[in-house]
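Notes for the one structure printed next.
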Amino acid sequence: MRPLETGPVKILLQNLLQLQELEFGDVKDSATEAAISKLRQKIPLPILEHYSRLTARGKKGVAFARHQVCSGCHLRIPIGAINTLMHGEDIQMCENCGRYLALPPEAPVEPASAVVAPIAPEIKTRRQRKPVVHPATN
Ligand SMILES: [Zn+2]
């Protein structure tokens with residue numbers, strides 16, 4: 001498969017998101033149906049099939065990558081995948097839940113350099129750690 005160019009990847013994700021919005025929405029009139037089938041025609045078949053496999057089980061096929069976390073399963077997304085998404089180089093899937101990943105449209109994306117430090121493992125303990133405070137600057 002040839003790699004997709006910058007434009008098509010973003011458009012593809014937009015189409016997927018729009019499709020998802022329509023399919024999960026309450027409005028199911030003929031105009032919506034028409035819009036859905038139009039969108040489906042724009043999406044490459046392998047992607048559409050994967051998406052449909054997820055939605056057939058009542059899951060959403062597209063999740064947002066917010067703060068480097070998948071909005072579908074809340075697990076971390078590799079920074080490489082985020083960078084690829086940010087550059088619109090290729091479509092990315094969550095390794096855990098298999099949803100397609102899209103960047104949330106409203107939030108400005110954090111620069112990759114801001115998320116270099118690994119996040120502490122998500123083990124919840126009863127102990128309350130003191131928050132790390134920078135030395136006082138007074
Ligand atoms: Zn996920």
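The values are calculated or read from the model by the stated rules, or taken from the named source; none is laboratory data. Everything numeric here is computed off the predicted structure, so don't read it as measured data. Here Cβ is always computed from backbone atoms with ideal geometry, including for glycine, and neighbour counts include all displayed protein chains.
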Next on the checklist: Can you go through Gln14, Gln18 and tell me which one is modelled with pLDDT of 95 or more and within 14 Å of the chain's Cα centre (by Cα)?
Outcome noted: Gln18
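Residues are listed down the side, and each one gets a yes or a no for (1) farther than 17 Å from Leu17 by Cβ; (2) acidic (Asp, Glu); (3) more than 14 Å from the ligand (Cβ to nearest atom); (4) not in a loop (DSSP other than H, G, I, E, B):
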| residue | (1), (2), (3), (4) |
| --- | --- |
| Ile47 | no, no, yes, yes |
| Ser52 | no, no, yes, yes |
| Lys59 | no, no, no, no |
| Ala65 | no, no, no, yes |
| His74 | yes, no, no, no |
| Glu95 | yes, yes, no, no |
Checklist outcome for this item: Within the range 23-42, residues being surrounded by fewer than 17 Cβ atoms within 10 Å (Cβ to Cβ) and under 18 Å from the mean Cα position of the chain (by Cα) number 1
Checklist entry - Given the residues His87, His67, His50, which is the only one that is under 17 Å from the mean Cα position of the chain (by Cα) and touching a residue at least 60 places away in the same chain (Cβ under 8 Å)? => result His87
